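*Asks:* Pasting a structure here, questions to come.
The values are calculated or read from the model by the stated rules, or taken from the named source; none is laboratory data. None of the values given here were measured: they were computed from a predicted structure. Glycine also receives a Cβ, built like all others from the backbone with ideal geometry; neighbour counts cover every protein chain displayed.
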Amino acid sequence: MADRIKISLQGLENARRIIGEMIARGRNIHPLQLDIAGIMHDEVEENFAAGGRDPEWPESERVKKHGGQTLIESAQLVNSIQEFVAGNASGVFTNKIYAAIHNFGGPITRKPFESSVRLRTDAKGNLLRQGTEGLKANLAVFAKSSHKRAAERKYSSAGYTINMPKREFMKVSGGGIGRIETAAAAFISGGAL
């Protein structure tokens, strides 16, 4: 599960100390852990709904050309966000491989390559097309190994780098931290009875 991105909270030291003491005395903190994971999940969903909060995400090229919302073309990324509770930890994660580059930003480097493709031809050696009008008139038909009339076309790429901007969706806002503090305080005061 090396592809997981996790949110870890900073601060809340006094609450952590008290909760640590409760754990040492054998108290069950699972209800608090579930509350915290739920708050974190809500925060991440709000980040997607707002298109980034503090700061707002840069608009993607797809959105500039075709409209829609950045990072939500098919909603696979936002729908992959899951809550977890393990041991004394709770949070959210995603197992999407591409999540980290979207969250943290950075370069994506494509190496140079060469390859070839077999395309079907007619008896005169002309490429067969998928249709006669529109886009299909420009699309060739791939040849299987069993097709006798075929032409091989080579292609290559010089390689390139894409600089992905940072669109931090796996973060908790100040308001979310406040909600976690409130949940911890309620749990501590209820657990001390």
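*Asks:* Looking only at helices (runs of 4 or more DSSP H) that lie completely in segment 38-119, which have at least 1 residues being in the same structural domain as residue 169 (by TED's automatic domain parsing), over 17 Å from residue 173 (Cβ atoms) and among the aromatic types (Phe, Trp, Tyr)?
*Replies:* The qualifying helices (runs of 4 or more DSSP H) are 99-104.
*Asks:* Another question, then. Across segment 150-178, what is the number of residues that are farther than 30 Å from residue 60 by Cα and surrounded by fewer than 14 Cβ atoms within 10 Å (Cβ to Cβ)?
*Replies:* 4
Residue by residue, here is whether (1) touching a Ser or Thr at 6+ places or on another chain (Cβ under 9 Å); (2) loosely packed, with under 10 Cβ neighbours inside 10 Å holds:
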site	(1), (2)
26	no, yes
31	no, no
68	yes, no
107	yes, yes
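*Asks:* Checking residue 190 against (1) exposed (fewer than 14 other Cβ atoms within 10 Å of the Cβ); (2) part of a loop (DSSP other than H, G, I, E, B), which test does it fail?
*Replies:* Condition not satisfied by residue 190: (2).
*Asks:* So which of 139, 119, 135 ends up being loosely packed, with under 12 Cβ neighbours inside 10 Å and out of contact with any Gly (no Cβ under 7 Å at 6 or more places or on another chain)?
*Replies:* Only one candidate passes the filter, namely 135.
*Asks:* Scan (1) more than 23 Å from residue 35 (Cβ to Cβ); (2) surrounded by 10 or more Cβ atoms within 10 Å (Cβ to Cβ) for the single condition residue 184 breaks and write down its number.
*Replies:* So residue 184 meets the others, but not (1).
*Asks:* Could you please find all residues in segment 159-180 being part of a strand (DSSP E or B) and either β-branched (Val, Ile, Thr) or free of Cβ contacts under 8 Å to residues at least 24 places away in the same chain (or both)?
*Replies:* Across segment 159-180, the qualifying residues are 161, 162.
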